[in-house]
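Only one structure is covered here, and it is reproduced in the block below.
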């Protein structure tokens with residue numbers, strides 16, 4: 001992920017006059033400078049930008065169009081054609097909106113007029129086109145607290161791998177961790193005395209200040225057992241394990257954590273079809289909402305910067321206490 005532009009600026013940019021050529025040179029220089037800054041971005045941000053920009057470049061190459069141009073009208077037509085293709089695709093609305101946002105970032109970096117920001121007609125065209133795409137995203141199946149308790153009760157630990165897998169689900173739920181955050185947990189981040197996990201950087205932590213999450217007694221019992229039986233007390237906590245319970249130096253990646261959720265659910269006789277690495281985080285928020293815990297406390301527990309995501313996760317649970325629910329229950 002060392003370079004954002006898969007295709008050189010000079011090969012896909014329309015420039016005719018000396019003034020236009022100077023603007024394109026400036027755009028190319030800016031992009032090269034951004035490539036250096038890009039290395040400091042979070043891994044998931046880099047991956048998303050790389051994917052979005054590459055998709056746009058390939059579209060332009062396939063259509064024989066310049067992916068950057070000093071001609072505003074030409075840029076507007078290319079942009080509109082790209083939006084039409086995105087809307088006609090099977091991509092979800094959230095993905096399309098992310099790609100549009102990435103294009104805005106790209107135009108800002110190269111300092112060329114951004115069609116969607118400059119043209120009211122184009123921005124309205126995009127807004128109205130997006131109405132045909134449902135905005136609601138499918139939420140990961142929540143792993144509620146009663147699911148986790150059943151798993152802890154029924155999942156037999158017969159190996160180090162079993163111990164690691166059960167620890168993954170408990171950490172995910174108690175600390176409301178995303179898959180990427182689970183992969184980054186280190187021994188030094190865990191305080192047995194304080195029942196806390198320090199998270200150096202979360203998804204919405206742009207300043208990199210980090211923060212703390214709670215670890216349950218169950219988490220810490222599993223953790224201390226892991227340290228004793230694996231002999232591991234430093235470095236990454238969740239590691240790949242080879243046959244014979246040989247713990248490697250390689251930390252688990254997203255796919256490995258995803259497979260752990262699926263396999264644990266299968267072994268416990270639960271339906272794994274809609275389970276993801278986000279299920280622990282979502283399930284924890286949903287369980288708190290169902291228990292009547294305030295939105296602010298849920299927000300603090302999950303490290304959300306605002307209450308919008310909390311409201312989305314707890315929407316279904318809150319319907320139990322909505323006006324119609326109170327009316328119907330009161331009639332019994």
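Points to keep in mind about this one:
- Candidates 306, 271, filtered to the one that is in the same structural domain as residue 161 (by TED's automatic domain parsing), farther than 15 Å from residue 178 by Cβ and at pLDDT 90 or above: 271
- Condition check for residue 74: in a helix (DSSP H, G or I) and in contact with a strand residue (DSSP E or B) (Cβ under 7 Å, 6 or more places away or on another chain): yes
- Applying the condition of being in contact with a strand residue (DSSP E or B) (Cβ under 9 Å, 6 or more places away or on another chain) and part of a helix (DSSP H, G or I) to region 178-188 and asking which residue is surrounded by the most Cβ atoms within 10 Å (Cβ to Cβ) yields 181.
- Residue that is farthest from residue 114 (Cα to Cα), among those in region 66-94 that are crowded, with 18+ Cβ neighbours inside 10 Å and modelled with pLDDT under 90: 66
- Check on residue 269, closer than 14 Å to residue 147 by Cα, surrounded by fewer than 14 Cβ atoms within 10 Å (Cβ to Cβ) and touching a residue at least 24 places away in the same chain (Cβ under 8 Å): yes
- Among the conditions (1) touching a strand residue (DSSP E or B) at 6+ places or on another chain (Cβ under 9 Å); (2) on the phi > 0 side of the Ramachandran plot, residue 111 misses just one, which is (1).
- Strands (runs of 3 or more DSSP E) lying entirely in region 204-281 (those with 2 or more residues that are farther than 25 Å from residue 140 by Cα and in contact with a strand residue (DSSP E or B) (Cβ under 8 Å, 6 or more places away or on another chain)): 239-242, 246-251
- Where residue 161 falls short, out of the listed (1) closer than 27 Å to residue 140 by Cβ; (2) without any contact (Cβ under 8 Å) to a residue 60 or more places away in the chain; (3) in contact with a strand residue (DSSP E or B) (Cβ under 7 Å, 6 or more places away or on another chain): (2)
Here is a yes/no grid of residues against (1) loosely packed, with under 15 Cβ neighbours inside 10 Å; (2) in a helix (DSSP H, G or I); (3) at pLDDT below 90; (4) touching a helix residue (DSSP H, G or I) at 6+ places or on another chain (Cβ under 8 Å):
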| position | (1), (2), (3), (4) |
| --- | --- |
| 121 | yes, yes, no, no |
| 149 | yes, yes, no, no |
| 161 | no, yes, no, no |
| 164 | no, yes, no, yes |
| 168 | no, yes, no, yes |
| 176 | no, no, no, yes |
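The values are calculated or read from the model by the stated rules, or taken from the named source; none is laboratory data. Predicted model, so just to flag it, every value in this text is computed and none were measured. Cβ: placed from backbone, ideal geometry, glycine included. Neighbour counts: every protein chain shown.
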